[in-house]
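Visitor: One structure coming up, written as structure tokens, with questions to follow.
Values quoted throughout were computed directly from the atomic coordinates according to the rules given, and no laboratory measurement underlies them. Worth saying up front: this structure is predicted, and the values here are computed from it rather than measured. Using ideal geometry, Cβ is built from the backbone for each residue, glycine included, and neighbour counts are taken over all protein chains shown.
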Amino acid sequence: MFSRLLSSLIILAAAVSPLAHGEEVVVYSARNEQLIKPVFDAYTRATGVTIRFITDKEGPLMQRLKAEGPNTPADLLLTVDAGNLWQAAEEGLLAPVNSPILQSNVPASLRDPGNRWFGLSVRARTIVYNTDRVRASDLSTYEDLADPKWKGRLCLRTSKKVYNQSLVAMLIAEHGEAKTERIVRGWVANLATDPFADDTKMMEAVAAGQCDVGIGNTYYYGRLMEKKPNLPLALFWPNQQGSGVHVNISGAGVTRYAKNRAGAIRLLEWLSSPDAQNLFADVNLEYPVNPQVKPAPAVAAWGDFKRNPINVAKAGELQAAAVKLMDRAGYK
Amino acid sequence: MSAHALPERKAPSAAFAFFRERGRLSAWRLFTFTLCVLVAIPLLVVASSLLHPDRETWRHLADNVLPELIRHTLLLTLGVSVAAGILGTGLAWLTAVCDFPGRRFFSWSLMLPLALPAYVTGFVLVGLLDFTGPIATLLRQWFGPEVRLPPIRSGGGAALALTLALYPYVYLLARHAFLSQGKRALEVGQSLGLSRRQGFLRIALPLARPWIAGGVALVAMETLADFGTVAVFNYDTFTTGIYKAWYSLFSLPAAAQLASLLILFVFVVLFLEQRLRAGMRYTPTGRSAGRERLVLTGFGRLAAPLFCGAVLTVAFIVPVGQLLWWALGVAAQDLDLRYWAYLGRSLLLAGMAATLITATALLLAYARRQQRGALTDAMVRFATLGYAVPGAVLAIGIYLPIAWFDRLYIGLMGELFGREAGPLLAGTLLAMLSAYLVRFLAVAHEPLAAALQRITPSMDEAARSLGLCSRQLIQRVHLPLLKGGVVTAMILVFVDVMKEMPITLMTRPFGWDTLATRIFEMTSEGEWERAALPAVALLVAGLVPVILLTRQTER
């Protein structure tokens, strides 16, 4: 009985195993299905190239690539932050790509200096405030939120989210560890309540008056305001006199053992092109990475801002240091 | 399969000797050993990380976060185990033994929270009871802006959510124990002057101990492995530390080492518990058919349905109501024909896994029965530890050997036949099902082991002295007694596989999305309301078999 079960399983397994036909590119994606499928479908319509993809978290995807080694089916690794791409490159999972198209489409600070990965959309992490309780003129910088005048008025998302780790990593890059730790300790001292599990809940707390200001990604704000347009919430672009707003990327790199390296590069180039940039960024209210492409009208309405020009690779390089610093400072 | 391996002589010791003569004992031992080793490979892969300690990460964690994580974990696990144990056992006693208005309805409906992933219950609770939720907002409007509810994003909140989501494990097992333990012992107790409460505490409860202990063990393991629920409450536990080491500090070795400690801890605790009751005998006292229920009167008659109703409301009706509300809001946008495929795959995977895992667990339980002893106990215990390991870490432990095997196979094909072969295991259902087996063997093992404990050697002897052959023994004695355990095991595994996320994500073939992976897609960027749609679909798909099967066991 058992062997019959086993053999039928193997037949079933074989039945669902893929058969190759036509050109295809295989993508391991930490960006979720509903954000990438429309873009991939458009690519298939335009070029006839099939894209097969599988989604998971970055950590498991990278381990999978590592375990599969030269046998990996994956041509491209797609993530939603720079830190993980940096780590993938660091572990030798990605191969450099020399593409003049990518170099002109993606600004230098939003791609790997070694050309192993490229940003495809920009995610800005900025200050959100309650318009009933705070005037924009009271706000200035991320660092200022550590000032005692914000005592009991600050809401933050958990330090376990990579977006906050990248933000603190960038602060370390700018100020060094000692000063950054003082800033983070200041934030923790100013917290109105324990850190939240996600940005949306944090922003709702700001709107409800549990606290007055918070730090969050703009697309969560966009999504929330689409659903509840009357919330007393607004975005503030901090550090405009200084280093600029902290930005991260969603981006991708060609895997070291890509079976269809040329196809993967073509897909990357297309994704960074004006044809695809709006499709890629707008579906999640993010900013296009290509400077020639304008963001969606709803996103553009939040105004222009100066971005922090430090290379986002720093977010990966300093991520572990940032996490340890936040642990020391008691930022949960 | 197990038929011809059963004792063919009267006394069990003689039977063992018989096996030895014919070499059959070693066959059982070989089977147990092979299975345990296969299932243990992923755990050993995880544990092998101990050979390469990442001292830097360790020092950081030990200095800054580990003491608190351990305290939180012990508190949470203890709290949830005790609360779910009491709640599950109490409800099981009420619906299995007592009689009160609505008992029939509650007896199956109290099982329903099983189909709700704990993190969903958690997310709904936070949404309702946090500062920004409707209840706190109303209270502030009525009684002034300073009014606060106790903080829900806390250890207490996490414990509440986990208890509400996990008590059905205990409920299901304890209920089965009470239903099948017969009433004669209780009657003897009553004739000796014990009150109802004393009868429960001193007779029924001790008799149900293997089942309750099995259920609580599952609850404790699930709590230890949980990441999603505690993340919703931002309550840091040992698992949080594991994922912090891996995802944030980029040190998978440190993560695996922490996980190994967790495995070791669970192993020791479970093994000790098992040894403690190793010497006990659990024999059903009288047939349960035709029994009379304890009819509740007075206060109890009113309180029992109220209590059951309250639990059902908080653990199931409220979360599901919220989910339905959200799902309706996004159905127009998200619901499409692909959902049939998600549903089909979820059901197919869960059905195949439930069959495979229950069958394996049954064989394992029989094997253990054939040769009692500390060594077998330890091997079986180790083979069922996969349930206590955080899912994503176990997924790596599973994927590494799969990838290793494929590499070997592809290399071999290249050398021998000079042709380029694809992977044989990775991305196949076989790999997925093996992974589920490693993860959920414990879930099937606990109810089956408890059920098998009831079938004592003396019963086999008695049956044989009446002239039953092995096949008849199985068909006429064992199967009827095991049926409830098998049904329980299948329900639990079925629902657990449907809810499972990290292993499904890691081992599924391309394009093989299921309802659980749909939930992942939505929640990974915080879109909880859109996640409600697959969650509701999963609920419906999981409930149908649960209700059908429980109806069957209902008496």
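Visitor: Provide a whole-number value for the mean count of partner chain Cβ atoms within 10 Å of the Cβ atoms in peptide A:51-61.
Guide: That average works out to 6.
Visitor: Continuing with the same structure: From the C-alpha coordinates alone, can you work out the Kirkwood hydrodynamic radius of chain B, in Å?
Guide: It works out to 25.0 Å.
Visitor: Rounded to the nearest 10 degrees, what's the angle between the helix A:261-271 long axis and the longest principal axis of chain A, both from Cα atoms, 0 to 90?
Guide: 40
Visitor: Then there is this: Per 10 Å bin, what is the whole-percent P(r) computed from every C-alpha pair distance within the range A:65-188?
Guide: Histogramming the range A:65-188 at 10 Å steps yields 10, 32, 28, 19, 10, 1 percent.
Visitor: May I pose another question? Residue by residue through the range B:101-116, what is 3J(HN,Hα) from phi via Karplus (6.51 cos²θ - 1.76 cosθ + 1.60, θ = phi - 60°)? Round to whole Hz and write x for glycine and proline.
Guide: Per-residue couplings from phi come out as x, x, 4, 4, 5, 5, 4, 9, 5, 5, 7, 4, x, 3, 7, 9 Hz.
Visitor: Taking amide hydrogens as modeled 1.01 Å from N in the peptide plane, which residues meet the under 5 Å criterion relative to A:Trp117, leaving out close sequence neighbours?
Guide: A:Asp112
Visitor: Turning to a different aspect of this structure: I'd like the FRET efficiency for A:Ala178 and A:Ala300, computed as 1/(1 + (r/R0)^6) with the beta carbon distance as r and R0 of 45 Å, rounded to 0.05.
Guide: 0.70
Visitor: In chain B, which whole DSSP H runs stretch at least 20 Å along their own axis (Cα) and average 0.5 or higher on the Kyte-Doolittle scale? Don't skip to the answer; put the middle values down first.
Guide: On the way: long enough: B:24-47 (34 Å, 1.83); B:66-97 (45 Å, 1.38); B:155-180 (36 Å, 1.10); B:209-225 (24 Å, 1.04); B:252-276 (36 Å, 1.83); B:298-312 (22 Å, 1.45); B:318-334 (24 Å, 0.86); B:338-370 (48 Å, 0.64); B:391-417 (38 Å, 1.33); B:429-454 (35 Å, 1.13); B:479-499 (30 Å, 1.65); B:528-553 (36 Å, 1.20).
Span-like helices here: B:24-47, B:66-97, B:155-180, B:209-225, B:252-276, B:298-312, B:318-334, B:338-370, B:391-417, B:429-454, B:479-499, B:528-553.
Visitor: Additional query: Angle, helix A:2-16 long axis vs. longest principal axis of chain A, Cα atoms, 0 to 90°, nearest 10?
Guide: 80
Visitor: Moving to a separate point now. How big is D, in µm² s⁻¹, for the range A:131-174 by Stokes-Einstein at 4 °C and 1.567 mPa s if Rh is the Kirkwood radius over C-alpha pairs?
Guide: Reported coefficient: 107 µm²/s.
Visitor: Using θ = phi - 60° and the Karplus curve 6.51 cos²θ - 1.76 cosθ + 1.60, what whole-Hz ³J(HN,Hα) does each residue of the range A:235-248 get, with Gly and Pro shown as x?
Guide: Calculated HN-Hα couplings, in order: 8, 10, 8, x, 6, 6, 7, x, 7, x, 6, 6, 10, 10 Hz.
Visitor: If you don't mind, there's one more thing I want to ask. Along each principal axis of its Cα atoms, how long is chain A end to end? Whole angstroms, biggest number first, please.
Guide: Sorted largest first, the three principal extents are 68, 52, 40 Å.
Visitor: Work out from phi, with θ = phi - 60° and the Karplus expression 6.51 cos²θ - 1.76 cosθ + 1.60, the ³J(HN,Hα) of each residue of the range A:55-66, listed in order in whole Hz, and give x for Gly and Pro.
Guide: 9, 5, 6, 4, x, x, 4, 5, 5, 5, 4, 5
Visitor: Next up: For the protein assembly as shown, just give the cysteines left without a disulfide-compatible partner, judged by no other Cys Cβ under 4.7 Å.
Guide: Isolated Cys, the protein assembly as shown: B:Cys36, B:Cys98, B:Cys308, B:Cys469.
Visitor: With only alpha-carbon atoms in the gyration tensor, what are the semi-axes of the equivalent ellipsoid for the range B:380-433, in Å, largest first?
Guide: 29, 10, 9
Visitor: Let me ask something additional. With a ≥ b ≥ c taken as the square roots of the eigenvalues of the C-alpha gyration tensor of the range B:52-143, please select rounded if a/c is under 1.5 and otherwise prolate if a/b is larger than b/c or oblate if it is not? Let's see the in-between values first.
Guide: Details: a/c = 2.99, a/b = 1.48, b/c = 2.02.
Oblate.
Visitor: Going by average Cβ density within 10 Å per residue, which order do the peptides A:106-113, A:41-48, B:529-536, A:141-148 take, highest to lowest?
Guide: Details: A:106-113: 19.2, A:41-48: 13.0, B:529-536: 24.8, A:141-148: 17.4.
So the peptides A:106-113, A:41-48, B:529-536, A:141-148, ranked by packing, come out B:529-536, A:106-113, A:141-148, A:41-48.
Visitor: Compute the helix-to-body angle for A:33-47: its Cα long axis versus the longest principal axis of chain A, expressed 0 to 90° and rounded to tens.
Guide: Value to nearest ten degrees: 50.
Visitor: Please state the equivalent ellipsoid semi-axes for the protein assembly as shown: what are the square roots of 5 times the Cα gyration tensor eigenvalues, largest first, in whole Å? Kindly include the intermediate steps, with their values, before the conclusion.
Guide: Details: eigenvalues 489, 230, 109 Å².
After scaling each eigenvalue by five and taking roots: 49, 34, 23 Å.
Visitor: Here is a follow-up. Using amide H atoms built 1.01 Å from N in the peptide plane, name the residues 5+ places from A:Val25, or on other chains, whose amide H lies under 5 Å from its own.
Guide: A:Thr50, A:Ile51, A:Arg52
Visitor: Return the long-range amide H neighbours of A:Val245 (sequence gap of 5 or more, or a different chain), with a cut-off of under 5 Å between placed amide H atoms.
Guide: Sorted by chain and number, the residues that satisfy this are A:Lys306, A:Arg307, A:Asn308.
Visitor: Here's something else I'd like to know. Taking the inverse of the average 1/r across all pairs of different Cα atoms in the range A:181-332, what Kirkwood radius in Å do you get?
Guide: So the Kirkwood estimate lands at 18.1 Å.
Visitor: Also, quick follow-up: Once you sort the root eigenvalues of the Cα gyration tensor of the range B:411-484 as a ≥ b ≥ c, which label holds: rounded (a/c under 1.5), prolate (a/b larger than b/c) or oblate (the other case)?
Guide: prolate
Visitor: Once you have a ≥ b ≥ c as the square roots of the Cα gyration tensor eigenvalues for the range B:384-543, tell me rounded if a/c is under 1.5, and otherwise prolate or oblate according to whether a/b is larger than b/c.
Guide: It comes out oblate by the Cα gyration axes.
Visitor: Provide the packing ranking of B:225-235, B:195-205, B:90-100, B:307-317, i.e. peptides ordered by the mean count of other C-beta atoms within 10 Å per residue, highest first.
Guide: B:225-235, B:90-100, B:307-317, B:195-205
Visitor: Something else now. Given charges of +1 on the Cβ of Lys and Arg and -1 on the Cβ of Asp and Glu, with all other atoms neutral, how large is the dipole of the protein assembly as shown about its Cα centre, in debye to the nearest 20?
Guide: 3460
Visitor: With each run of n ≥ 4 DSSP H residues scored as -39500 (n - 2.57), what mean residue ellipticity at 222 nm is computed for the protein assembly as shown after dividing by its residue count and rounding to the nearest 500 deg cm²/dmol?
Guide: -19500 deg cm²/dmol
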